[in-house]
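One structure is given here, and the rest of the page talks about it.
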Amino acid sequence: MALRLDNAVIRGEIDNTTRDNVRGKLWLIGREDPVIMDLRGNAWRDVAGCKIIFTNPNPSPQAAASTLEPKQKGQVGDITASWEMEDHPASENQEERRVEDDFAGPPAACHHTLYVEWFSAENGRVFIEGTGFEISISAWVWEMVEAQEEAQKMSNLQAMREWLAGIIQRPEPKEEDDEEFDASEESWEDSLKQSDRLTDANMEAIEKYGIDGLHDDRIAFVMGWDHMLEGSREREDDDAEGENWKEGHEVMPELDEVEMELDDQAFSEYLEEDSEREAHPLQTMAHDFALRLLTEIKEERAENTAESDGSTALDRFIRNSLNISGKLAGALGTQDFGGSFQTGHTLAILRRCLNWANEAFAALNELMEAPDWNDRQDLLDDFRAELFAIRDGINDLRKQLRTE
């Protein structure tokens, strides 16, 4: 995943006074020597040909800073002092929020911010983004024209696309003879891993281009969804033809009403049938554990959030525990989770839950050794016992499904 360094930066220098070369230095909290950058390409037109010096008035430790290699060689991404970052304020009255075709929340304020991004062989995508830096920009040594900037931005998109392709790791297309679906646990596990990688890549793209990027050609391009780019005009034409057809044909309202009535009836029967089915004991156990976890360490979670970048022991304990609860609810929440077609899928999910349980145990052990948690040892012991019971339940269910 991408390394974000905003908080850990003490100060930095980005020098693009030489065409097609960006050099730089970054001083980070926890590192004695600066990180040296030597990158191919240019910044955006607002700072191309310039030297940028930026200082963070309130730096703070960040786990990503320790993983950065001391010398960064590679290709520039987007580098600019005019990156638009949206700040979505929370609504004071949640009941006043309206839901129409899309979510309509409070208006977002846009800020121009420093954005420095690059792609290195050592660390992949690395970026700095923030409005709190004190920035000074030198005069232009050379000036970039608009066409050159567009070419550079296209090159940056290509670099993002190649980096995301490395995350996605798309499998080779299957031969026609291999199209028959394999419902084994191993096949499902491969499919779930592929889905995870695709989700991670999509979240990286959305994180950069914003939630509105879902309707942005840049998302389709960097994700490798070329069919969406090539077919966008065709889809618009198809939609237009559909609207034109409706103008010339009268829709039968009585047929629509019958279909709606049937849908409502089927849905009501499904809800009635589902409400009568008891949840699987393992599903209930994991749900109760997650609920207790979120309730009984509420204050610690709030204190942790202020300083966390998502990698603390508490973060990992909570995240992995919630993963178990959520996935068990999905896998065991259907009546036929143990059916012949679903068995491989359920086994693959349960295997993943075992991995998350091991990760949760590792994080929990760190918490039990931390001085800040000395007065909560009894609670952590209870969590440990409940997590053991859930893990034993997962193992028992896997054995049961494999013998049926």
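Tabulated data
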{"quantity": "Cross-link pairs Lys208/Lys327; Lys153/Lys193; Lys71/Lys208; Lys71/Lys193; Lys327/Lys399; Lys51/Lys71 - those with Cα-Cα distance over 22 Å", "calculated": "Lys208/Lys327; Lys153/Lys193; Lys71/Lys208; Lys71/Lys193"}
{"quantity": "Prolate/oblate/rounded call for the range 343-404, Cα gyration tensor, a/c under 1.5 rounded", "calculated": "prolate"}
{"quantity": "Förster radius 56 Å - calculated FRET efficiency between Asp372 and Gln158 (Cβ-Cβ, nearest 0.05)", "calculated": "0.75"}
{"quantity": "Counted charge near Trp27, where neighbours are those whose Cβ lies closer than 12 Å (Asp, Glu -1; Lys, Arg +1)", "calculated": "0"}
{"quantity": "Calculated Rg and Dmax of the range 29-83 using C-alpha coordinates, Å", "calculated": "13.2, 33"}
{"quantity": "Dipole axis of the range 38-77 (+1 Lys, Arg; -1 Asp, Glu on Cβ), positive-most option in Leu68, Pro57, Val47", "calculated": "Val47"}
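Here, each number is a calculation from the coordinates, and none is a lab measurement. No experiment lies behind these values; they were computed from the predicted model shown. All Cβ positions, glycine included, derive from the backbone under ideal geometry; neighbour counts span all protein chains shown.
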